[in-house]
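Each remark here refers to the structure printed beneath this line.
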Amino acid sequence: MTSPFRLDAPPTDRLVVTVDELLIRAPVPVIFALAREVEGWPTHLAHYRFVRMRERRSDGGGIVEMAANRPFGPLNWPTWWLSEMAVDHDVPWVRFRHIGGVTTHMDVEWSFTPQEGGTLTRIVHTWNGPAWPLIGSFAATRVIAPVFVHGIASRTLAGLGRAAERNAERDASPQATSPSRSTVATHPTSPEPQ
């Protein structure tokens, strides 16, 4: 299998830095598993139309194609992007570098910090905007980042957070933690002959 992409932490000196964070009432491994298993996102997120791994790397990342809707009342605005994805299972983090779509060259990092009562999960997007003459900066700072990036990321974080909390509750239930019960039949031994 091909080696992972080497994606650095998103640079903070970009035109746009968007941060979405949420304290999720679940341990780090539970929310990290949902965040890194991107192909499962549409199962938990109604606004995601599809997620496809075009190429898989040894860390679980690869080239990933995503399509989501940004709802505006009863209407949905379709979005699409292609990213390189890298996963660090030790730290842990999930990083993306957009390589296709309007947000090409955007850097994204999901980070997971244990906190009292759960995991502080943070999504950081950084970007210099599209290379559009005259309107690129305006479009990035006034429309794309606050309306689309934040609008989709906040819904994604909330939806995966709800899924993680359900999984954590299920895993903590007495049925999930108690050992399985089995009955062992014992047969009395017959008395030894004298």
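The values are calculated or read from the model by the stated rules, or taken from the named source; none is laboratory data. All values reported here derive from a predicted model rather than from experimental measurement. Reconstructed Cβ throughout: ideal geometry from the backbone, glycine too, with neighbour counts over all protein chains shown. Just the protein is used for accessible areas: all its heavy atoms, side chains included, with ligands, DNA and RNA removed. Shrake-Rupley method; radii C 1.70, N 1.55, O 1.52, S 1.80 Å.
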Inset, instruction - Show the residue pairs that are 6+ apart or on different chains and have beta-carbon atoms under 7 Å apart, the first residue being within segment 99-113 and modelled with pLDDT of 95 or more, the second being of a type in the set (D, E). - result: I99/E84
Inset, instruction - Filter segment 1-38 down to residues that are part of a loop (DSSP other than H, G, I, E, B) and either under 19 Å from P92 (Cα atoms) or free of Cβ contacts under 8 Å to residues at least 60 places away in the same chain (or both), then give me how many there are. - result: 15
Legend entry - T121 vs. criteria assigned to a strand (DSSP E or B), touching a residue at least 24 places away in the same chain (Cβ under 8 Å) and open to solvent by less than 40 Å² (accessible area, probe 1.4 Å): yes
Inset, instruction - Inspect segment 66-76 for any residue being surrounded by 19 or more Cβ atoms within 10 Å (Cβ to Cβ) and either touching a strand residue (DSSP E or B) at 6+ places or on another chain (Cβ under 9 Å) or outside any strand (DSSP E or B) (or both) and give the result as yes or no. - result: yes
Legend entry - Matching option when the condition is outside any loop (DSSP other than H, G, I, E, B), touching a Gly at 6+ places or on another chain (Cβ under 6 Å) and not acidic (D, E), among W41, W80: W80
Legend entry - Selected residue [open to solvent by 30 Å² or more (accessible area, probe 1.4 Å), under 16 Å from R70 (Cβ atoms) and without any contact (Cβ under 8 Å) to a residue 40 or more places away in the chain] from R155, R142: R142
